[in-house]
Amino acid sequence: MINWIVLLIVVIGALLHFEVELPSFFQWIGKLPGDLVIKKGNVILYVPFTSSLIGSFLLYLLVRVPKKGE
């Protein structure tokens, strides 16, 4: 089971690294209330608090739900 989780993380990392255009379903990432954008001069800092919480919860569900069925 760990193998497919590692594969999923690698695929998501590759998509983000190569800036692949994501479907409109994923356009909310980084734009939720609680996600901070700080602009100072020519520097932009993104701090996606809410998106990180939702992503962590979804990853938790992916890992824990299959285990409870065993």
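The values are calculated or read from the model by the stated rules, or taken from the named source; none is laboratory data. Remember, predicted model here, so these are calculated numbers, not experimental data. Heads up, the Cβs are rebuilt from the backbone with ideal geometry, glycines too, and the neighbour counts pull from every protein chain shown.
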- Task: Look at Leu45 and say whether it is among the hydrophobic types (A, V, I, L, M, F, W, C), surrounded by 10 or more Cβ atoms within 10 Å (Cβ to Cβ), over 14 Å from the mean Cα position of the chain (by Cα) and modelled with pLDDT of 85 or more.
- Result: no
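Kindly indicate whether Pro33 is at pLDDT 80 or above and surrounded by 11 or more Cβ atoms within 10 Å (Cβ to Cβ). Working first, answer last.
Values: at pLDDT 80 or above: yes; surrounded by 11 or more Cβ atoms within 10 Å (Cβ to Cβ): no.
Judged against the criteria, Pro33 is not a match.
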